[in-house]
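These notes concern the structure reproduced below.
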Amino acid sequence: MHRFKYRGRKLYCEDVRVADIARAVGTPAYIYSKNTLLDHYNKLKHALREFSPLLCFSVKSNSNLAVLKTLVDVGAGLDIVSGGELYRAKLVKADPRKIVYAGVGKKQNEIIEAIRYGILFFNVESQEELELINRCAKRLKKKVNVAIRINPDVDVSTHKYITTGKAESKFGVDFKTAKNIFRSSWRYRSVDIKGVHLHIGSQILNLEPFEKAIRKTLRFLADNKIFIEYINIGGGLGIVYTFEKPQTAMGFAGRISSIIRKSGLKLILEPGRFISGNSGIMVTKVLFRKKTGSRNFVIVDSGMNDLIRPSLYEAYHNIVPVTKPQKPSARVKYDIVGPICETGDFLAKDRKLGRIKRGDLLAVMGAGAYGYAMSSNYNSRPRAVEVMVSGNRFFIGRKRETYRDLVRGETTR
């Protein structure tokens, strides 16, 4: 599942002691395991090998250049949602013909830049967006490939903020609108509609919604005699944060392979969390302990600005000591909180752990997806350092921000 393991009392990332990394770079720190990233990418690629799928890593889940370069170097494509993510793709020399561009609010200059780079597809989210892409392509004298993002109105058992395939969601178009777009495709002379795109949500543990969404979409194509080349089924596969039982790559492949095989379409996926989630941890240092009434607080040097998932989604992350105590102690129920001036600033509540003392290092597990990527400078706090580990070596993939970084671009007049 991942390469963060104890050897004796010490937590290791691959062959490097996490405590040694923290000592070298300080805390809070995000630490990524290169070989865990590759393990998860290769599992999915192997499971679906009969289709030779294009696996486009979801940049929004973890946009660190070292992470992107690790995956691009073994043949991964990229799923981007902004001009900034396209810029990152260029920096790691991603093959433009392995880039798909989603997102409901693409700006004209972003569209033009992506066309010039020669990306494989725009995943189109509205008819007005399609019209703009067509105008931009005409202006550049290009023929641009697009896939229509369909909202299949499929419910999934995940947090409402990361459910994207229901009718009330802002993402994609309904089947009626999709039908009208395909029927009027002749109007868009600078656009070639070569595929359909689905993405129904994130951290999905049950495969039934995937299967239902794919079947509904393929039935729509067949009923309306729509002939395309690609089906992009997005991402969303869940991972283990605590006691979840997500589907394996092989289980996922077994469930959808017969459907995809019958369609004869080329397959694209956009995995993010499945690849990066358990490939990273966040290490934080205990600053103080405080007892208030019935609550035992552990105050650490990272907060909701560093990892917002617990506050935003009430998400659970397993938290473990970087160094186990020499002698087992009675487990105590703690609230692990940060320094941010918000009551909602917490990493965990009612968490039973062994005795914790000032200066201890704690590892927040499963922080490789939507961790640093969603961090901020709230309370004027510099963002954390990011580290990549490969075997017995590590390097800084992103320097810790400084106070000077906080005010760059600001002026008093």
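With a Förster radius of 25 Å applied to the C-beta separation of R7 and V240, the computed FRET efficiency comes to 0.75. The fewest-to-most ranking of F210, F57, F182 by surrounding Cβ atoms within 10 Å reads F182, F210, F57. Here the simple spin-label model places points 7 Å from the Cα toward Cβ, and for Y316 and D39 these points are separated by 2.2 nm. The length gained by stretching the chain between K262 and R183 to full extension, at 0.36 nm per residue less their Cα-Cα distance, is 26.0 nm. Once both labels are positioned 7 Å from their Cα atoms along Cα-to-Cβ, the gap between L132 and V104 label points is 1.3 nm. Rounded to whole Å, give me the distance from the Cα center of the range 359-375 to that of the range 1-49. Taking the Cα centre of the range 1-49 as reference, the centre of the range 359-375 is 12 Å away. Along its three principal directions, the equivalent ellipsoid of the range 34-272 from the Cα gyration tensor extends over semi-axes of 26, 22, 16 Å, largest first. Every helix of 4 or more DSSP H residues in the chain counts as -39500 (n - 2.57), and over all residues that averages to -8000 deg cm²/dmol at 222 nm. Of M304, M250, M374, the sequence from fewest to most neighbouring Cβ atoms within 10 angstrom is M250, M374, M304.
Taking the Cα atoms of the chain, the ratio Rg/Rh between the radius of gyration and the Kirkwood radius comes to 1.00.
Laboratory data are not the source of any read-out in this text; all were calculated from the coordinates shown. The structure presented is a predicted model; accordingly, all values stated were derived computationally and were not measured. When we count neighbours, we look across all protein chains shown, and the Cβ atoms used for this are built from the backbone with ideal geometry, even at glycine.
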